[in-house]
Amino acid sequence: MAERITGHTELIGLMAYPIRHSSSPAMHNEAFATLGLDYAYLAFEVDNDSLEDAVKGLRALKLKGSNVSMPNKTVVHKYLDELSPAAKLCGAVNTIVNNDGVLVGHITDGIGYMQSLKEEGVDVIGKKMTIVGAGGAATAIEIQAALDGVKEISIFNIKDKFWDNAVETVNKINENTSCKAALYDLADLDKLKEEIADSFLFVNATGMGMKPLEGQTYIPDKSFFRPDLIVSDVVYSPRETEMLKMAREVGCKTMNGLGMMLFQGSAAFELWTGQSMPIDHMKEFLGI
Ligand code: NAD
């Protein structure tokens with residue numbers, strides 16, 4: 001690293017709190033080194049109170065860009081100049097690109113999810129999906145899927161504090177895209193079964209299946225799945241959730257959240273550098 005950093009090296013940041021546990025710095029720095037790109041990626045502990053100053057600093061120091069994570073994802077747009085269509089619809093930003101002084105906010109979580117499907121040869125465009133979730137990960141996937149051309153999205157969520165967000169997401173999709181979205185209460189399991197039955201893809205985009213809900217699923221039994229259904233989970237720890245295990249036993253193609261995690265990073269990498277991340281190498285590096 002000492003040999004790599006010069007007076008020309010471009011800096012990319014990561015603004016979040018807490019953030020010291022993040023694997024993003026290791027991932028991006030490995031990709032820069034592998035491709036011989038003169039960039040460095042550093043994590044900065046930034047919360048909502050210091051966010052405005054941090055973005056001013058990014059501007060003043062002419063950083064090439066930054067990732068943004070919690071608690072800043074839904075706040076940082078206030079300090080930026082432009083937003084991508086997906087970031088505008090999601091009301092969230094995870095990637096800032098500094099285009100010669102113009103700060104543009106993007107959200108790459110949904111892009112990453114859709115790319116992870118493509119990489120597995122799963123083509124959901126023009127088809128119907130059912131998804132559970134109304135938080136950050138779910139909203140990014142739902143909006144990107146609608147923008148990319150998924151025909152119909154049935155969204156389920158429990159009636160918690162995220163419900164109003166789900167109502168908003170459905171309205172935004174129906175008003176701004178050609179996709180048809182509908183929202184249902186996850187307590188209505190008959191409806192869930194019915195919607196999954198004519199879907200091509202089913203997605204869990206909640207924390208169900210990971211700690212503290214590890215070993216649990218809201219899918220009551222295997223009759224909810226059929227062998228030609230694709231079942232995917234945004235959770236990647238554990239690698240196979242109870243829901244994915246059930247789906248695998250039925251014979252479904254299953255996917256965990258590691259692909260989404262990798263490809264949200266590679267989408268940001270491409271926005272900053274204009275180059276593709278060396279995916280096969282990164283999979284090996286990350287032990288995916
Ligand atoms: P969030 O807090 O924004 O949203 C939480 C969601 O879980 C809401 O829809 C909420 O209603 C739902 N929920 C909570 N308890 C529930 C329960 N008991 N039963 C059913 N639903 C319940 O969280 P988030 O940031 O959207 O993260 C959700 C999951 O996605 C987490 O497991 C996180 O690790 C994962 N994630 C993965 C990636 C990736 O790259 N693979 C990226 C972001 C998040």
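The values are calculated or read from the model by the stated rules, or taken from the named source; none is laboratory data. The model shown is predicted, which means the values in this text are computed figures rather than measured ones. Positions of Cβ are backbone-derived with ideal geometry, glycine not excepted, and every protein chain shown enters the neighbour counts.
Residue count for the stretch 169-183, restricted to those that are within 13 Å of the ligand (Cβ to nearest atom) and surrounded by fewer than 20 Cβ atoms within 10 Å (Cβ to Cβ): 1.
Look through the stretch 92-113, keep the residues that are within 16 Å of the ligand (Cβ to nearest atom) and touching a residue at least 60 places away in the same chain (Cβ under 8 Å), and return whichever of them is farthest from Y236 (Cα to Cα). Among residues in the stretch 92-113 that are within 16 Å of the ligand (Cβ to nearest atom) and touching a residue at least 60 places away in the same chain (Cβ under 8 Å), the one farthest from Y236 (Cα to Cα) is H106. Within the stretch 131-153, the set of residues being more than 8 Å from the ligand (Cβ to nearest atom) and either surrounded by fewer than 23 Cβ atoms within 10 Å (Cβ to Cβ) or not assigned by TED's automatic domain parsing to the domain that holds G209 (or both) comprises L147, D148, G149, K151, E152.
If the condition is being within 22 Å of H28 (Cα to Cα) and in a loop (DSSP other than H, G, I, E, B), then the stretch 240-288 contributes N256, G257, G274, Q275, S276, M277, P278, G287, I288. Taken over the stretch 248-288, the residue count meeting the criterion of being within 19 Å of N98 (Cα to Cα) and small (G, A, S) is 6. For S237, the conditions (1) assigned to a strand (DSSP E or B); (2) modelled with pLDDT under 95 are fulfilled apart from (1). Quick check on L189: is it within 16 Å of the ligand (Cβ to nearest atom), assigned by TED's automatic domain parsing to the domain that holds Q115, buried (at least 22 other Cβ atoms within 10 Å of the Cβ) and more than 30 Å from Y39 (Cβ to Cβ)? For L189, the condition - within 16 Å of the ligand (Cβ to nearest atom), assigned by TED's automatic domain parsing to the domain that holds Q115, buried (at least 22 other Cβ atoms within 10 Å of the Cβ) and more than 30 Å from Y39 (Cβ to Cβ) - is not met. Do we have E270 as away from the ligand (no atom under 14 Å from the Cβ) and farther than 25 Å from K159 by Cβ here? Taking the combined requirement at face value, the residue satisfies it.
The set of residues from the stretch 215-234 being away from the ligand (no atom under 15 Å from the Cβ) and assigned to a loop (DSSP other than H, G, I, E, B) comprises D221, F225, R226, P227, D228, L229.
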